[in-house]
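One structure coming up, written as structure tokens, with questions to follow.
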Amino acid sequence: MKILVLSSKPPWPPHDGGAVATLRCIEGLIRNGASVSVLAMITQKHTSPADTTPIPPSAPASYRKVSVNTSLKPLSLLYNLLFSTAPYDLVRFRSAEFSSRIKQTLEEEDFDIIQCEGLVFSEYLDEIRAITSTPVVLRAHNTEHRIREMMAEQSYRTVEKAYLRNLATRLRKKEMTAANKFDAVIPISATDMEWFASVAPGKPMMLMETGTDEMPVPPEVKNGDPRVGFIGALDWRPNADGLLWFLNNVWPYVSKRMPGASFHIAGRNAPEKLRLQLTGRNVIYEGEVPDSLSFTSSMSIMTAPLFAGSGMRIKILEAMSLGKVVVATPVAAAGLPVTHRRDILICEDQFMFSSAIIEALGRHDLRKEISDAAYELVRQKFNNLELTKQLLSFYNDLADGR
């Protein structure tokens, strides 16, 4: 089977959860015998020396990248707000050059499936349909409107809150329309699957969570290693807001009770204003790290203080695959089949969050118990080769019914 994957970011190297989700899917499809071609956007967020990282052996049949300027333009945003009903978050990804490259790719080669990594490609759906009858699939990493709704709830600024609510309404309408226009929808979390099924009944759908590769048995959890970690893209507003909440409300209490503990922050593209706020007792900002798995492996506990989000948190899954105890908010844990105090620690407020970290750091037996359960959950339910095998079977049925 020949599959064309359209991505709004380069999968190699996988700098963030979205890139990891795309990369794992591509590699799994290739390992299961599919021929995969990739056409990816490169935005200003994805231009760093690390982007020259070689593509691994499980390479796609072709890999093309197109530079797309998605930077926020205040005048364009204002015009969009006043004279359009389209979500500006999607309009920013419109590119004449990318359209031209899609057209060229589809005219040069026939595909059995076109897999679109995210809602932004609803902006290109009509022109794709004008060129080919190949089934076009939306692989929904999130329900985008839910993220903006949560961000609006968290905002204390009247104008910002109003804008985010307006944007959420626009995105919800767009997602409802897209769910019915694409030939199939592939959500990556059960919560998102329920929503898409409710707005597009009868549409071919498959839940396809992001998987992990074969995992080595994690090392024994050592006692007396009080290193707490956070990793995430720092130019994504929910990550930045959650991290600042943690630094202001959780870490001071933890560091007072456990003065030997250190908090390590890893993430790329942190704005200067945010970098200046990443301070505190034994707080270490490491910036963009060469290897996210090595960073996570060096921590005794990982944190996920998120208050706006959808889909599934790939970084939590990665930490669990390494046998790490994760302390997360309910929003961060949503989308994963986890259970509080069995394979994760889920905390609703700053008091629960700080208490959970202190308890986990101080109790080797609890860390070992949760670590083992987390690793086993990922091993049993998130085998990437098996998950993508099921996706390929779904695609075969979809293509046969064309």
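The values are calculated or read from the model by the stated rules, or taken from the named source; none is laboratory data. Keep in mind the model is a prediction, meaning the values are calculated, not measured. In this analysis, Cβ positions are derived from the backbone assuming ideal geometry, glycine residues included, and neighbour counts consider all displayed protein chains. Just the protein is used for accessible areas: all its heavy atoms, side chains included, with ligands, DNA and RNA removed. Shrake-Rupley method; radii C 1.70, N 1.55, O 1.52, S 1.80 Å.
Is it fair to say TRP236 is within 26 Å of ALA374 (Cα to Cα) and within 26 Å of the chain's Cα centre (by Cα)?
no
So, one more: In region 287-321, which residues are hydroxyl-bearing (Ser, Thr, Tyr), in a loop (DSSP other than H, G, I, E, B) and touching a helix residue (DSSP H, G or I) at 6+ places or on another chain (Cβ under 6 Å)?
SER310, the sole residue that qualifies.
Of the conditions (1) in contact with a Phe, Trp or Tyr (Cβ under 7 Å, 6 or more places away or on another chain); (2) under 18 Å from ALA190 (Cα atoms), GLY335 fails just one. Which one is it?
(1)
Please list, ordered by first then second residue, the pairs with beta carbon atoms under 8 Å, 6 or more apart or interchain, first in region 278-302 and in contact (Cβ under 8 Å) with a residue 60 or more places away in the chain, second outside any strand (DSSP E or B) and β-branched (Val, Ile, Thr).
Note: pairs meeting the criteria are PHE295/VAL289; SER300/VAL221; ILE301/ILE357; MET302/THR296; MET302/ILE316.
When you scan region 341-351, do you find a residue that is touching a Lys or Arg at 6+ places or on another chain (Cβ under 7 Å) and buried (at least 17 other Cβ atoms within 10 Å of the Cβ), even just one?
Applying the first criterion (touching a Lys or Arg at 6+ places or on another chain (Cβ under 7 Å)) to region 341-351 yields none.
The answer is no, given that none of the residues of region 341-351 is touching a Lys or Arg at 6+ places or on another chain (Cβ under 7 Å) and buried (at least 17 other Cβ atoms within 10 Å of the Cβ).
Could you grab me the full set of residues in region 322-335 that are under 24 Å from GLU149 (Cβ atoms) and in a strand (DSSP E or B)? Before you say what the answer is, go through the steps one by one.
Of region 322-335, the ones under 24 Å from GLU149 (Cβ atoms) are 328-335.
Result: ALA328, single match.
Name, by its number, the condition in (1) in contact with a strand residue (DSSP E or B) (Cβ under 6 Å, 6 or more places away or on another chain); (2) assigned to a loop (DSSP other than H, G, I, E, B); (3) open to solvent by less than 20 Å² (accessible area, probe 1.4 Å) that does not hold for VAL338.
(3)
Helices (runs of 4 or more DSSP H) wholly in region 83-196 with at least 2 residues that are charged (D, E, K, R) and out of contact with any Asp or Glu (no Cβ under 6 Å at 6 or more places or on another chain) - which ones?
96-108, 125-131, 144-154, 158-181
When you scan region 46-76, how many residues do you find that are part of a helix (DSSP H, G or I), surrounded by 13 or more Cβ atoms within 10 Å (Cβ to Cβ) and modelled with pLDDT of 55 or more?
Of the residues in region 46-76, 2 are part of a helix (DSSP H, G or I), surrounded by 13 or more Cβ atoms within 10 Å (Cβ to Cβ) and modelled with pLDDT of 55 or more.
Something else about it: Looking at (1) more than 30 Å from GLN115 (Cα to Cα); (2) at pLDDT 95 or above, find the lone condition where ASP225 falls short.
Only one criterion is unmet by ASP225, namely (2).
Give the number of residues within region 119-134 that are open to solvent by 10 Å² or more (accessible area, probe 1.4 Å) and either of a type outside the set (Val, Ile, Thr) or in contact with a His (Cβ under 6 Å, 6 or more places away or on another chain) (or both).
So the count comes out to 8.
Testing VAL137 on (1) within 26 Å of ASP241 (Cα to Cα); (2) crowded, with 18+ Cβ neighbours inside 10 Å; (3) under 21 Å from the mean Cα position of the chain (by Cα), one condition comes back false. Which one is that?
For VAL137, the failing item is (1).
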